[in-house]
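Taking it in order: structure first as structure tokens, then the write-up.
The values are calculated or read from the model by the stated rules, or taken from the named source; none is laboratory data. Computed from a prediction, not measured in an experiment: that's the story for all the values here. Cβ placement follows ideal geometry from the backbone for every residue including glycine, while neighbour counts extend to all protein chains displayed.
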Amino acid sequence: MTARRTPLVAGNWKMNTTVGEGLDKARELLAGDLPEDVEVAVLPPFTHLWPMHAVLQGGRVRIGAQDVFWEDAGAYTGEVSPASLEGWCDYVLVGHSERRHLLGETDEQVHRKLSRALSHDLQVIVAVGETLQEREAGETLAVVHRQLDAAFDGIDGAAMARCVVAYEPVWAIGTGRTATPEQAQEVCEAVRARLTRLFDGAVGAATRVLYGGSVTAANAAELFAQPDIDGGLVGGVSLKPAEFLRVVAAASGTAR
């Protein structure tokens, strides 16, 4: 029997909170009602990772980094290597649209980051998604396919057990606009089909696919009820522990 896909709800804090504020939010999450059948992670700024690891170690909330570099060491001022994160983080996020569009990160760079992170004991969340202009031009699936093909080029199928894909339509991130459950399901189903084509049916069936883009406590249950959505990559709401816990609760009972 194929292992069930445990839903994952990951909170991307982006460039928010001081270290002290972040530790307080982490403690509040740990004290909350965390369902046993949902995996929960937070992705704070790099400055928080080491003290937050001490707070979260052994608890129900996992920790991730918002980015990672594609080399282990070298003359790369300001970058953080996967070798530095290994042992301190469970997850790293690569390919977020803010890095692609604000900082010009390319598909090839996302691929290099993914490959290097997988050479260490890290799990990787790979973000993909289209802009509003691309959606209106009917290019959503072409864009998502291109990003997936580039990210996973040459990746061993066995390594996919440590990968999660997050579909985040750029037009829905931080805008208050959310893809309808039907729109989100259509693309997440297409992501799963593309993984089946790139690897095989077992990988397609086993890989968790998240939705991100203005996920709230009000819309999470309807989104997570979709058959190909295995939780969420949550932005602003993840900075409000009580509301984030409601999003987590909405993922309970959705393992597939």
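If a residue has to be within 25 Å of D230 (Cα to Cα) and surrounded by 18 or more Cβ atoms within 10 Å (Cβ to Cβ) to count, how many in segment 15-33 make the cut? Result for segment 15-33: 3.
For segment 85-107, taking the residues that are among the hydrophobic types (A, V, I, L, M, F, W, C) and assigned to a helix (DSSP H, G or I), the one that is nearest to the chain's Cα centre (by Cα) is identified as L85.
Of the residues contained in segment 190-198, one or more are found to be basic (K, R) and surrounded by fewer than 19 Cβ atoms within 10 Å (Cβ to Cβ). Among the residues of segment 47-84, which ones are in contact with a Lys or Arg (Cβ under 9 Å, 6 or more places away or on another chain), in a loop (DSSP other than H, G, I, E, B) and among the hydrophobic types (A, V, I, L, M, F, W, C)? V68, F69, W70, listed by residue number. Do any residues in segment 22-46 that are touching a residue at least 40 places away in the same chain (Cβ under 8 Å) have Cβ atoms under 6 Å from those of residues that are aromatic (F, W, Y) and not in a loop (DSSP other than H, G, I, E, B), where the two are at least six apart or on different chains, and which pairs are they? From residues that are touching a residue at least 40 places away in the same chain (Cβ under 8 Å), the pairs are A41/Y91. Checked against the criterion of being part of a helix (DSSP H, G or I), out of contact with any Asp or Glu (no Cβ under 7 Å at 6 or more places or on another chain) and aliphatic (A, V, I, L, M), the candidates V110, V126 yield just one match: V110. When you check V94 against the structure, is it in contact with a Pro (Cβ under 8 Å, 6 or more places away or on another chain), surrounded by 12 or more Cβ atoms within 10 Å (Cβ to Cβ) and closer than 22 Å to V215 by Cα, yes or no? Spelling it out, it is not the case that V94 is in contact with a Pro (Cβ under 8 Å, 6 or more places away or on another chain), surrounded by 12 or more Cβ atoms within 10 Å (Cβ to Cβ) and closer than 22 Å to V215 by Cα. Scanning segment 61-79 finds no residues that are crowded, with 19+ Cβ neighbours inside 10 Å, out of contact with any His (no Cβ under 8 Å at 6 or more places or on another chain), over 30 Å from A202 (Cα atoms) and hydrophobic (A, V, I, L, M, F, W, C). Of all residues in segment 113-140, those satisfying the criterion of being modelled with pLDDT of 95 or more and surrounded by fewer than 17 Cβ atoms within 10 Å (Cβ to Cβ) are S119, D121, A137, G138, E139. Of note, L148 does not satisfy the criterion of being surrounded by fewer than 20 Cβ atoms within 10 Å (Cβ to Cβ) and aliphatic (A, V, I, L, M).
Note on segment 157-195: among residues that are in contact (Cβ under 8 Å) with a residue 60 or more places away in the chain and touching a Gly at 6+ places or on another chain (Cβ under 7 Å), the one that is farthest from T207 (Cα to Cα) is G174.
On the stretch given as segment 151-188, residues that are exposed (fewer than 13 other Cβ atoms within 10 Å of the Cβ) and of a type in the set (S, T, Y) total 2.
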